[in-house]
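Here's the structure, in structure tokens; my notes come after.
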Amino acid sequence: MIEPDRDALRSAFESAVPGYDGLRRKLIPHFDAFYGTALDLLEEAVGADEFRCVDLGVGTGLLSEMILKRFPGARIEGVDFAPKMLDAARERLAIYGARLRLSAADYATAPLAAPLDAVVSALSIHHLEDDAKRRLFRRIHDALRPGGVFINADQSLGATSEIEDAYQRRWEADVRRSEIAEEDFAAAKKRAELDRSATFADQIAWLKEAGFRYADIGWKRHRFTVFYARR
């Protein structure tokens, strides 16, 4: 993604920090299935073992908190390039002490601390341009130990303009049923203008191209998609 877009993205999400977590369930239809599938896939890969994990685009720490609660052996590095998001994550996750480390960096280019047992991300990688996604997938593969897992709970683009239009209509209908405030809905749609989503088929192909032994989809509802890849 070109630098002006990165600046716009940082500004958009930093301005959204107040009230950000409270809106997650309203803006993510089937929130529990979406995040729950990511956690179930992680458990399938790591079991009850201790493991090292990086959370790309940690934001306010929502996914990292779920992992730290569910997996006592998890040690996480959360990476984000928005300082206010990291401040919120730091406050939220302070109780986990040395099990969590937060890093201010742009994960699109920053090195990953190999070898890792798992890399996770939620609703972040779709902001990268396609070439940057492909490069990131290769770097994630190379940072994982053999058998390591990459789980990306994210968005995918409709394969045709008609399908994408349907995704948008269905999402708007779901969100309106949540009785979200109009100003919050308008702000979310404005942030969505910065999305650079790719189809799920392209992303699966790029994961395989990156060298993953296999890549699949663990759950999907319209554009919300949980990707799963093992090295």
Residues within region 40-80 that are surrounded by 20 or more Cβ atoms within 10 Å (Cβ to Cβ) and either in contact with a Pro (Cβ under 6 Å, 6 or more places away or on another chain) or part of a loop (DSSP other than H, G, I, E, B) (or both), tallied:
6
Considering only residues of region 212-226 that are farther than 15 Å from Thr199 by Cα and loosely packed, with under 14 Cβ neighbours inside 10 Å, which is nearest to the chain's Cα centre (by Cα)?
Tyr214
Among the residues of region 87-101, count how many are of a type in the set (D, E, K, R), part of a helix (DSSP H, G or I) and more than 12 Å from Met66 (Cα to Cα).
4
Please work out which one of (1) open to solvent by 10 Å² or more (accessible area, probe 1.4 Å); (2) touching a Phe, Trp or Tyr at 6+ places or on another chain (Cβ under 6 Å) is the condition Glu162 fails and give its number.
(2)
Is it the case that region 179-191 has a residue that's in contact with a Leu (Cβ under 8 Å, 6 or more places away or on another chain), of a type in the set (Lys, Arg), free of Cβ contacts under 8 Å to residues at least 40 places away in the same chain and within 25 Å of Gly61 (Cα to Cα)?
no
Quickly run through region 65-106 and pick out the residues that are in contact (Cβ under 8 Å) with a residue 40 or more places away in the chain and among the small types (Gly, Ala, Ser).
Ala82, Ala88
Scan region 24-39 residue by residue and report those that are open to solvent by less than 30 Å² (accessible area, probe 1.4 Å), of a type outside the set (Ser, Thr, Tyr), in a helix (DSSP H, G or I) and over 14 Å from Ser64 (Cα atoms).
Arg24, Leu27, Phe31, Phe34
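The values are calculated or read from the model by the stated rules, or taken from the named source; none is laboratory data. Keep in mind that this is a model prediction, so the values were computed, not measured. Using ideal geometry, Cβ is built from the backbone for each residue, glycine included, and neighbour counts are taken over all protein chains shown. Protein only, heavy atoms only, side chains kept; ligands, DNA and RNA dropped before computing areas. Shrake-Rupley method; radii C 1.70, N 1.55, O 1.52, S 1.80 Å.
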